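Since the structure comes first, as structure tokens, the remarks are kept for the end.
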Amino acid sequence: MAGGASRVDSWLWAVRIYKTRSLATEACRAGHVHIGGRTVKPSHPLGPGDLVEVRVDGWDRQLEVVVPINKRVSPAVAAGCLVDHGPPRPQRDPTDQPGLLRTAPGRPTKRDRRALERLRAR
């Protein structure tokens, strides 16, 4: 772990907010990452005490930098590198997935499949 400063895209990846560093970079370029109310570039330096506002999958998070790190670490160590000041993640409705039209749990029967094909053909 490093102590001084870190790039914002590298830090978001290292503390496991984004799965890849390229996703963190794209989020910065798309304007989903703010520091002090201003959109920042991926190379913006972070230091301890900075407040980072991030939008991930439609969920706004407010993260305080405790330790600016550059390398990806285990989830337990990553949790100690930030303080989350945002609201808890909203629960997803499992039936709210696009493309799923189920009448009964499990695999659709042949009859159900034919009914779905008739629906989709219209």
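The values are calculated or read from the model by the stated rules, or taken from the named source; none is laboratory data. Keep in mind the model is a prediction, meaning the values are calculated, not measured. Cβ placement follows ideal geometry from the backbone for every residue including glycine, while neighbour counts extend to all protein chains displayed.
If LEU12 satisfies all but one of (1) free of Cβ contacts under 8 Å to residues at least 24 places away in the same chain; (2) assigned to a helix (DSSP H, G or I), what's the number of the condition it fails?
Status for LEU12: all satisfied but (1).
Do you know which of the residues in region 49-72 that are closer than 15 Å to ASP9 by Cα and assigned to a loop (DSSP other than H, G, I, E, B) is nearest to the chain's Cα centre (by Cα)?
Per the criteria, the residue is ARG72.
If you go through region 62-75 one residue at a time, how many are crowded, with 18+ Cβ neighbours inside 10 Å and either modelled with pLDDT of 95 or more or of a type outside the set (Val, Ile, Thr) (or both)?
Taking region 62-75 first, the residues crowded, with 18+ Cβ neighbours inside 10 Å are 63, 65, 67-69.
Cutting the leftovers down to either modelled with pLDDT of 95 or more or of a type outside the set (Val, Ile, Thr) (or both) gives us 63, 68.
Residues flagged as crowded, with 18+ Cβ neighbours inside 10 Å and either modelled with pLDDT of 95 or more or of a type outside the set (Val, Ile, Thr) (or both) within region 62-75 amount to 2.
Please count how many residues of region 15-36 are of a type outside the set (A, V, I, L, M), under 19 Å from the mean Cα position of the chain (by Cα) and in a loop (DSSP other than H, G, I, E, B).
First pass over region 15-36, keeping only residues of a type outside the set (A, V, I, L, M): 16, 18-22, 25-26, 28-29, 31-32, 34, 36.
Restricting the remaining residues to those that are under 19 Å from the mean Cα position of the chain (by Cα) gives 16, 18-22, 25-26, 28-29, 31-32, 34.
Retained after the next criterion (residues that are in a loop (DSSP other than H, G, I, E, B)): 16, 18-20, 31-32.
Matching residues across region 15-36 total 6.
Residue under question is VAL33, and the condition is that it be under 22 Å from PRO87 (Cα atoms) and in contact (Cβ under 8 Å) with a residue 40 or more places away in the chain; does it hold?
Numbers: under 22 Å from PRO87 (Cα atoms): yes; in contact (Cβ under 8 Å) with a residue 40 or more places away in the chain: no.
Against the criterion (under 22 Å from PRO87 (Cα atoms) and in contact (Cβ under 8 Å) with a residue 40 or more places away in the chain), VAL33 does not qualify.
Can you tell me which of PRO88, PRO94, PRO105, PRO98 is under 14 Å from the mean Cα position of the chain (by Cα), modelled with pLDDT under 90, exposed (fewer than 12 other Cβ atoms within 10 Å of the Cβ) and assigned to a loop (DSSP other than H, G, I, E, B)? So that I can check it myself, show each step before the final result.
Values: PRO94 fails: under 14 Å from the mean Cα position of the chain (by Cα); PRO105 fails: under 14 Å from the mean Cα position of the chain (by Cα); PRO98 fails: under 14 Å from the mean Cα position of the chain (by Cα).
After ruling out the rest, the residue left standing is PRO88.
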